[in-house]
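Since the structure comes first, as structure tokens, the remarks are kept for the end.
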């Protein structure tokens, strides 16, 4: 299936942005600032995987298009890439495709929404503040680099960029039929 020129161009630009060292550095700076704020607040994490069980815990994790592309690229490079079947299985289970045995196997690649969420009740006020801060900063990156700003539910953003990227040959996904 071919996608519109607009969709293909948008996703291609997001992948190009995710590969750009300057933009990657800007995103990493946001993640570092969020990590520092989280360290200062010291919410309790029991490594229970609660944060990755979206349906069970009524969590709506959101991410930008560039974050979805960045995660796909970084996890593919580390041998932890996902294909459509992995994503379908995670959506069906109400979880994240990188949550394996209650642990995140995409820690360095995960979007800012993952970095700010803690199930510790003491973090109840911190989470939305950090999420808004990170999203505002991410949106500023999009504006500064003239990228289309779009964000949505994490797995749906992954689905959208995976479908367009695969159809346009931007990214090879695990389990995808080879074109050779």
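Since every read-out is calculated from the coordinates, none of them should be taken as a lab result. Just so it is clear, the structure is predicted and the values come from calculations on it, not from any experiment.
Between 43, 21, 111, the Gaussian network model of the chain with springs among Cα atoms under 10 angstrom shows the greatest mean-square fluctuation at 21. Based on alpha carbons, the Rg and Dmax found for the stretch 12-102 are 14.8, 39 Å. Whole-percent P(r), the chain, all Cα pairs, 10 Å bins from 0: 9, 39, 36, 14, 2, 0. Under a Gaussian network description of the chain, with springs only between Cα atoms under 10 Å, the residue in 64, 112, 78 that fluctuates furthest is 78.
Note: relative contact order over the chain, using C-alpha pairs below 8 Å and six or more positions apart, is 36 percent.
In plain terms, the bigger the Kirkwood radius, the slower the diffusion; for the stretch 57-143, with that radius from Cα pairs, at 4 °C and 1.567 mPa s, Stokes-Einstein puts D at 92 µm²/s. In the chain, helices alone account for a calculated mean residue ellipticity at 222 nm of -18000 deg cm²/dmol, with every DSSP H run of four or more residues adding -39,500 (n - 2.57). What the Cα convex hull of the stretch 67-109 gives, in volume per residue, is 71 Å³.
Once the Cα-Cα distance is subtracted from the 0.36 nm per residue extended length, the residue 5 to residue 62 segment shows a gain of 18.0 nm. In terms of Cα atoms, the Rg and Dmax of the stretch 94-180 work out to 15.9, 54 Å.
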